[in-house]
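Notes follow once the structure below has been shown.
No value in this document is a laboratory result; all are computed from the given coordinates. All values reported here derive from a predicted model rather than from experimental measurement. In this analysis, Cβ positions are derived from the backbone assuming ideal geometry, glycine residues included, and neighbour counts consider all displayed protein chains.
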Amino acid sequence: MNKILIIFAHPAIQKSRIHRKLCESAREVEGVTFHDLYSQYPDFFIPVKREQTRLREHDIIIFQHPLYWYSCPALLKEWMDLVLEHNFAFGKTGTILKGKKLMSVVSTGGSARVYNDSGNRHHTLPQILAPFHQTAMLCGMDYLPPFVVHGSHLLTKADILGFSNQYREVLKALRDNRFPPEELSSATYINDLI
């Protein structure tokens, strides 16, 4: 059984309909450690060694956050800058994360149709998430297809419930190693595999 660490970053969770529900689903899954950065570190003081210990203890690392200006909220970026340091996460002796998996779980305000080469965002979502993919590569990790919720402002309660159930099933499948590697390597979004 894979141990999963969700590193969650949302500076305004009280305003989020989708992430509140996704968080509830994630917390229900055995083998998942849910780590809320804004709740734990509202002052942005991140105990690096403690965070590195968390990474050592898990097989799959998930960055869950809304897409903020085509990236992540500030505290997650600060976490990455401090915790994924040279000779821990990368470099000659930085092999701690090698062979682990990294995945993004993101929500977007824009609909799926605008995230393509000809849409008004001019890029696909995997292209926008390229810095996270590159981070995984530098750290010797496998980058999994992202779990994505598009058009979060337009979702009905039924849509949100559907995504939260789907997320729960994705987490269970990752925990139990049920995704065939060839399916993971060909999927645009991991949602498509459930």
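Could you give P(r) for segment 4-193, binned at 10 Å from zero, as whole percent values over all Cα-Cα pairs? Whole-percent P(r) values from 0 Å outward: 9, 38, 39, 14, 1. Remark: the Asp36-Met1 segment gains 10.3 nm on full extension, using 0.36 nm per residue and subtracting the alpha carbon distance.
In straight-distance terms, cross-link reach from Lys21 covers every one of the aspartates and glutamates whose alpha-carbon lies under 20 Å from its own, apart from those fewer than eight places away in the same chain; here that gives Glu30, Asp36, Asp159, Glu169, Asp192. With neighbours defined as other Cβ atoms within 10 Å of a residue's Cβ, the residues Lys77, Lys98, Lys49 order from fewest to most as Lys49, Lys98, Lys77. Shown for the chain are the DSSP H helices of 18 Å or more along their axis, judged by Cα atoms, with a mean Kyte-Doolittle hydropathy of at least -1.0: 157-175.
Each of Asp43 and Ala158 was given a label point 7 Å from its Cα along the Cα-to-Cβ line. The distance between the two points is 4.8 nm. Bridgeable lysines around Lys100 (alpha carbons under 25 Å apart, same-chain partners fewer than 8 residues away excluded): Lys3, Lys49, Lys77, Lys92, Lys172. As a rough footprinting exposure proxy, the listed residues Leu55, Leu161 were ranked by other beta carbons within 10 Å of their own, and the order from fewest upward is Leu161, Leu55. Counted by neighbouring Cβ atoms within 10 Å, the residues Ile6, Ile96 run from fewest to most as Ile96, Ile6. The Arg56 and Ala173 beta-carbon pair, evaluated with R₀ = 22 Å, returns a calculated FRET efficiency of approximately 0.40.
Here segment 1-17 and segment 61-92 have alpha carbon centers that stand 14 Å from each other. The slack in the chain from Asn116 to Gln134, taken as 0.36 nm per residue of separation less the alpha-carbon distance, amounts to 4.5 nm. Counting only DSSP beta bridges with both residues in the chain, the antiparallel share comes to about 5 percent. From its DSSP helices (H runs of at least four residues, each -39,500 (n - 2.57)), the chain gives a residue-normalised ellipticity at 222 nm of -10500 deg cm²/dmol.
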